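Please treat every number below as a calculation from the coordinates, not as lab data. This is a predicted model, so every value here is computed, not measured. All Cβ positions, even for glycine, are placed from backbone atoms using ideal geometry, and neighbour counts span all protein chains on display.
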Amino acid sequence: MKRTGASLVVYALEQLGVRYTFGIPGVHNTEIYDELNKSEQITPVLVTHEGGASFMADAVSRVSDSTGTLVLVPAAGLTHAASGIGEAFVDGVPMLIISGGVRTDLPYRYQLHQIDMHPLLAGLTKKTYLIERHEDIVPTLLEAYRIAHDGEPGPVYIEIPVNLQLFPGEISSLPPFQATPSALVIAPNQISDAVEMLRKAKRPGLFVGWGARHAREQLIALAERLETPVATTLQGLSVFPANHPLHTGFGFGPAAVPAARNAFRDCDCLVAIGTRFAEIATGSFGVQVPENLIHIDINPDALNANYPAKVAIQGDATAVLDALLHALPQDMPPQSQALRSRIQADKAAYLKEWFAHDSGDRINPGHFFSTLRRQLDDEDFVVVDDGNHTYLTAELMPIHRAAGFICPTDFNCMGYAVPAAIATKLCHPDRRVATIVGDGAFMMTCMEIVTATTLKLGVIYYVFNDGELAQIAQAQQVTYNRTPCTQLGQLNLEGVALATGAHYLALDNAGEIEAVMAQANEVAASGRPVVVNVKIDYSKPTCFTKGAVKTNFSRFPLGMKMRFAGRALWRKVLG
């Protein structure tokens with residue numbers, strides 16, 4: 001039989017359960033877009049910038065059972081999308097990247113968009129493909145999907161020359177997609193070694209990351225069986241419910257909140273699940289990991305990478321935890337009201353500390369997030385960008401839903417939240433989506449709100465507006481006693497809202513928080529995006545900022561410490 005390459009692409013994507021594609025039509029992919037327009041299953045979403053498209057595809061994979069998919073033009077379309085592709089690659093998020101390619105049936109060089117993108121994308125993806133025959137299109141896309149999801153997930157790139165898309169070619173069959181079960185086998189001796197270590201532990205702890213997001217039931221069961229505190233990574237903030245009495249918060253070292261620092265202070269056996277012990281998760285590698293470390297991760301490269309494990313288990317978190325729970329004796333330590341009470345008391349004291357902070361005429365973050373938590377249902381979503389607001393959210397906003405919090409993490413790309421929130425709302429139109437974004441990050445992708453308006457998606461954007469790049473400025477202030485190149489230009493948020501079709505609200509003082517949030521929810525429920533100008537107070541640093549700066553400073557040689565401290569002091573004296 002004969003089929004055009006474009007029709008084969010859409011057939012394969014339908015087999016894979018893809019529901020949305022993101023991108024912009026161009027010379028080298030219009031035939032695919034024409035075929036997508038016929039699909040009853042897939043909705044192609046037009047964006048304002050391919051960078052926004054890649055952040056949307058990333059979010060789809062994080063918050064739904066569909067795989068985020070890009071359909072892009074080659075060259076500039078791919079370079080624009082590279083930031084979101086890199087975010088997905090470093091954060092372990094599956095993504096399919098499909099682009100057109102120049103014609104391979106012509107003898108001419110220097111065609112429009114003719115550039116070899118594979119060397120660039122090789123560093124941002126798990127694998128890249130250049131398809132040369134119609135016969136290979138469907139099998140390659142099915143294989144790309146498997147690679148994107150196998151082991152630690154990530155993006156895969158497929159280039160399809162435009163002549164294959166346009167012209168019919170001979171194919172022998174249309175193979176259906178068949179899921180293949182994981183071939184990883186968990187060694188029984190590793191489970192027994194882990195059980196023995198946990199039996200002897202007096203103060204065990206759990207540290208869980210994004211890789212354990214599908215194992216929430218098992219994580220709760222293990223925490224309660226061991227009666228142990230549970231800390232999460234930043235990316236894994238929603239993996240364990242914050243309203244569980246054993247949840248302590250983000251991180252567990254010097255850069256963590258008091259509940260986590262105190263609960264993990266004497267930890268003698270740590271079970272780390274689905275985390276690579278990366279820089280943000282460890283507060284710039286400031287955590288003290290006990291000698292008795294049980295590390296579970298699907299990626300063998302993550303095991304023993306930063307901290308040596310007594311027991312290192314490669315495997316899917318759900319499967320390994322099932323085996324561990326089956327092997328653990330039922331007569332583990334009884335429920336400790338003292339531990340649970342201490343965790344809750346520390347959380348309450350930390351929030352009280354924020355409430356007591358004098359924010360002057362600006363919005364106190366403690367009051368903001370406490371009100372937001374009351375306004376949202378457990379099943380709603382919080383989408384966050386990169387900046388000081390990220391760590392405020394992590395420390396002050398309890399997340400109850402699995403995958404109810406997403407943010408750019410180890411790639412740490414500003415501009416993520418505006419488009420990612422659109423995709424989150426697209427996947428969950430019946431749930432509220434609250435976006436926390438700093439003014440600097442907002443300026444990078446705010447025009448993508450046009451897409452939300454066009455699609456009638458009521459996303460709420462809480463823009464923390466202080467006129468500077470606050471996370472970097474705080475670190476600069478401590479280190480240099482000045483903040484060069486972090487003051488932002490004048491931003492008229494009401495003008496942005498007007499230009500993009502969003503509703504505008506101003507949140508100028510603490511007495512308005514409840515009413516403004518309620519009004520934002522009401523407008524968003526009508527299908528209109530909302531921009532809320534939050535006059536935020538950033539003067540009180542987070543535990544993460546203080547801890548990470550202190551950890552990094554402590555590593556400096558004595559001479560450098562004296563130089564930095566002396567310079568900051570001298571500048572302070574001179575004003």
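Counting helices only, and only those DSSP H runs with n ≥ 4, report the 222 nm mean residue ellipticity of the chain as the sum of -39,500 (n - 2.57) divided by its residues, in deg cm²/dmol to the nearest 500. Could you put the intermediate results ahead of the total?
Details: 22 runs with 236 residues, N = 575.
Result for the chain, helices only: -12500 deg cm²/dmol.
Exceeding 25 Å between C-alpha atoms, which entries from my cross-link table qualify? They are Lys546/Lys572; Lys2/Lys126; Lys310/Lys546; Lys38/Lys126.
On the way: Lys546/Lys572 19 Å; Lys2/Lys126 31 Å; Lys310/Lys546 31 Å; Lys38/Lys126 30 Å.
The answer is Lys2/Lys126; Lys310/Lys546; Lys38/Lys126.
Highest mean packing first, where packing is the average number of other Cβ atoms within 10 Å per residue, the peptides 404-417, 15-28 line up as 404-417, 15-28. Residues Ile313, Ile449, Ile472 in ascending order of nearby Cβ atoms (within 10 Å, fewest first): Ile472, Ile313, Ile449. For region 190-270, taking Cα atoms only, Rg and Dmax work out to 12.0, 33 Å respectively. Here the simple spin-label model places points 7 Å from the Cα toward Cβ, and for Val573 and Glu196 these points are separated by 6.1 nm.
Under a 5 Å amide H cut-off, with hydrogens placed 1.01 Å from N, Lys127 pairs with Tyr157 among residues at least 5 apart or on other chains.
Would you mind estimating how fast region 277-325 diffuses translationally, via Stokes-Einstein at 37 °C and 0.692 mPa s with the Kirkwood radius over Cα pairs, in µm²/s? Result for D is 284 µm²/s.
Taking only the C-alpha atoms of region 102-213, the Rg (one decimal) and the largest Cα-Cα distance, Dmax (whole number), read 22.2, 72 Å. Name the residues of region 22-44 whose amide N is less than 19 Å from a point 7 angstrom out from the Cα of Gln114 along the C-beta direction? Residues passing the 19 Å test: 27-29. Remark on region 272-406: ratio of C-alpha radius of gyration to 2.2 N^0.38 Å is 1.32. Spatial offset of region 18-96 relative to region 365-411 amounts to 25 Å, using the alpha carbon center of each. Counting pairwise Cα distances across the chain, what percent come out greater than 37 angstrom? I get 37 percent for the Cα pairs in the chain exceeding 37 Å.
Write down the Kirkwood hydrodynamic radius of region 188-341, to one decimal in angstroms, obtained as one divided by the mean of 1/r over all alpha carbon pairs.
Numbers: mean 1/r = 0.0668 Å⁻¹.
Evaluated on region 188-341, it is 15.0 Å.
Report the calculated FRET efficiency for Ala515 and Leu130 (r = Cβ-Cβ distance, R0 = 56 Å), to the nearest 0.05.
Numbers: r = 56 Å, r/R0 = 1.01.
The pair Ala515/Leu130 has a calculated efficiency of 0.50.
Pairwise Cα separations in region 2-170 fall into 5 Å bins from 0 onward with the following percentages, short to long: 2, 10, 20, 25, 23, 14, 5, 1, 0, 0.
For Ala338 and Leu488, FRET efficiency with R0 = 35 Å and r from the beta-carbon atoms, rounded to 0.05?
Numbers: r = 47 Å, r/R0 = 1.36.
Given R0 = 35 Å and the Cβ-Cβ separation, E is 0.15.
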